[in-house]
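Written out below as C-alpha cells is the structure these notes cover.
Just so it is clear, none of the values below were taken in a lab; they were calculated from the coordinates. Predicted model only: the values in this text are computed from it and were never measured. Here the Cβ is made from the backbone with ideal geometry for all residues, glycine too, and neighbour counts use every protein chain on show.
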Amino acid sequence: MGAVRREIRRLTLLATPVALTQLSAMLLWTVDLVMVGRLGVTSLNAVSLGRLWVMGTTVCAMGLIFGVDPIASQAHGARDRRRLSRALLHVVAVALASSLPLAGLFLATERVLLAFGQDPATAALAHRYVVVQIPGLPFYLLFLALKQYLQARGIVRPAMWVSFGGNAFNIVANAILIFGLAGAPRLGAVGAGVATAMTSALLCGSLVLVMRRRRLQRGSATLLDPREVRRPELLEVLRLGAPVALQLLFEYWAFAFATLLAGRLGAIELAAHSIVLNLASISYMVPLGISLGATTRVGNRIGARDPQGARRAAWVALGLGASVMALFALLFVAGRRLIPAAFGVGPEVVALTAAVLPIVAAFELFDGVQVVGGGVLRGMGRPRPAALFNLIGYYALGMPLALWLGRPETLGLAGIWWGLAAGLFAVAVCVVVWISRKGPETVAPMV
C-alpha cells in the first residue's frame, strides 16, 4: 500500500502541471468562443466549425509528435543521454515538416465544410478564421514537440508557466482584434484567428528561451541540425507516432462528425452542441494530463527495468483518471443551467445545453479511463491497440448509433451524445481488458 501511495504522489506531482498545461491550451479556444459569442450565433458557429477543422487536421501531426514519448521516456529511465538528444532532434524535424501539409489542409476549410452541408455564410467566415492561423502552425507544433520531450524527462513546469502567459496574451489580443479596441480594426471572428497565430508564436519562442537559459536540451547543442537527421531514427518516431495519430484521428473525428450532424439540425442545436463539446473537452484535459503523466511514468519504469513499478504506475493512473471524471460528472449535473449561461447565449441554447449535459456526465467516467489507457499504451511503446479500439468503438458502434438516434424525428442532439457515450464505453472496456492481460510488466525496454 505504501508503494501505491508513493506512486499516487509521484503521478499527481507530474500530472498536475501537465493537466494545467492542457487546460490552459483548451482555454485558448474557450476564450475564443466566449468572446466571439458576443457577436452572435453565426460568429460562434463559425469559430466552432473552424476549430473543428483545425484540430481535425492537426491531430495527425500531434500523433506523430507523440511518437517520441516512449523513446524519450524510456531513454530517461535508462539514463541514456545520447538517445535523449537524438529523440529531441528527430521530433523537432517531424514537427516542422508536418506544418507544410497542414497548411494546405487549412486552405481547404470552406470547401470541406460546404461538402458536409454547412451554412455557406458560416463556412466562409470559418474559412477566414482558419486561414489566418497558418503562420502560427510551425510555432505551435514546435512548442508541442519541445513540451513532449521535456515531459518525458519529468520536466513539466516550464510548459505550464509558458501556457499561462500565452492565455493572458490571447485574452488581450482577442479583445483588441475581435472588438477593435485601442485603435485596432474590428476583425470579429477573424481577429480571434489572428490572435491564435500570435499566441502560438509566443508559446514557442518563450519555451525555446526557457530551454536555452536553463540548459534543458540535454546532450543536444541545437534543436535542429538537418545534417544530423538520420532516416532510421526518424522512421522510428514516425512508426510509433502513426498509430497514435490514427487513434487521435478516430477519436477526434467521431466528435467532429457529431458536430457536423448537430449543424444539420439547426443553429440552436449547433450552438448548444458547441458549448457542451467545449465543456466536455475542458474536463477531458485533466485525464489527458494524467494520461501524459502515465506515459512518462510507465516509460521511465520500463526503461529502468522495473516491470512491477510500470504495472503499478499504469493502474494508479487508470484509477486517478476515473476518479477525476466522476467529479466532473457531478459538476455537469449540478451546474447544467448555470454553466451554459456563462457563454452569453440565449435561453433556448441554455435550455438545450442543460438537457444534454447529464448525458455527457454519464460517459465522463469512460472517457477518463480510455484516455489514460491510451497513455499507458504509449509509455509501453504499444500504441496500435488503442488505434484499433477507437476504430471499433466509435465507428462500428458509436457513430452508427449517433446517426440513428440523432435524427430530428428521434432524439435529436441528445441522440448524438448517447451514440458518443456508447462508443466511449466500448473503447474504455477494450483498453482495460488489454492492459490487464498484456500490461507494462510484459514489455521489454526499447533501450
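The residues packed around F179, meaning those with a beta-carbon under 14 Å from its beta-carbon, carry a net charge of +1 if Lys and Arg are +1 and Asp and Glu are -1.
Taking each full run of DSSP H in the chain as one helix, which ones are at least 20 Å long along their axis (Cα atoms) and have mean Kyte-Doolittle hydropathy of at least 0.0?
Taking the DSSP H segments of the chain (at least 20 Å long, mean hydropathy at least 0.0), we get 2-36, 41-65, 81-106, 137-152, 157-179, 189-214, 231-265, 267-303, 307-334, 347-380, 413-437.
The chymotrypsin sites (Phe, Trp or Tyr not before Pro) of segment 1-84 include none that DSSP puts in a loop with a beta carbon having at most 12 other beta carbons within 10 Å. Other residues with beta-carbon under 12 Å from the beta-carbon of R312 carry, at +1 per Lys or Arg and -1 per Asp or Glu, a net charge of +3. Taking other residues whose beta carbon is less than 13 angstrom from the beta carbon of V130, and scoring Lys, Arg as +1 and Asp, Glu as -1, yields +1. May I ask you to derive the relative contact order of segment 2-442, considering only C-alpha pairs under 8 Å and at least 6 residues apart, and to give it as an integer percent? Relative CO of segment 2-442 lands at 23 percent.
A helix-only calculation puts the chain at -28000 deg cm²/dmol for mean residue ellipticity at 222 nm, using -39500 (n - 2.57) for each DSSP H run of at least four residues, averaged over all residues.
Find how many whole Å separate the alpha carbon centroid of segment 99-152 from the alpha carbon centroid of segment 390-438. Their Cα centres are 27 Å away from one another.
Relative to the Cα centre, the charge distribution of segment 1-153, modelled as +1 at Lys and Arg Cβ and -1 at Asp and Glu Cβ, gives a dipole magnitude of about 840 debye.
Per residue, the convex hull around the alpha carbon atoms of segment 2-442 comes to 130 Å³.
Only the Cβ atoms of Lys and Arg (+1) and of Asp and Glu (-1) were treated as charged; on that basis the dipole of the chain about its Cα centre amounts to roughly 1920 debye.
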